[in-house]
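Notes follow the structure.
Taken together, the values in this text are just the output of simple stated rules run on the coordinates, not laboratory data. Because the structure is a prediction, the values reported are computed rather than measured. All Cβ positions, glycine included, derive from the backbone under ideal geometry; neighbour counts span all protein chains shown.
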């Protein structure tokens, strides 16, 4: 019996003779067209990227008290919120300031973790709701716990006010409110 080791390599692989490769015609113009399209796509993408940059000035991060002057005032008894209403919100109890009453309940402006500017709604007999943003010039905080429910918005200086066409109205305290849909 012959094993693989006993065979000569030429015998084992002798039937592998070079085959003639079919000639392939390569059209040089196809390569030129593909390369031109690639260059145009890359160049167009870079031009679009350069032209689409936002040239508006960036918002400046400021202290929360600059955007909500009520935070600079001393906390009174009316500004204090029960600790159970603040559980899980990340809002500092010493920073709450009463702003107004609305369909959502008592509305407070406060600071949260990381010095974020927050709106807090504390309804009677229900869980509180909160919405926080980084305190930047032009910041707008919208607090609308339910999609169809009432809403409250705090628009800081330079911010875009909600549209009256959507049912938003400004209150004397500077808040914007929207009724339930």
Take segment 72-99 and flag every residue that is on the phi > 0 side of the Ramachandran plot and in contact (Cβ under 8 Å) with a residue 24 or more places away in the chain.
90
Only residues that are farther than 19 Å from residue 107 by Cα and surrounded by 11 or more Cβ atoms within 10 Å (Cβ to Cβ): list them for segment 142-163, please.
158, 159
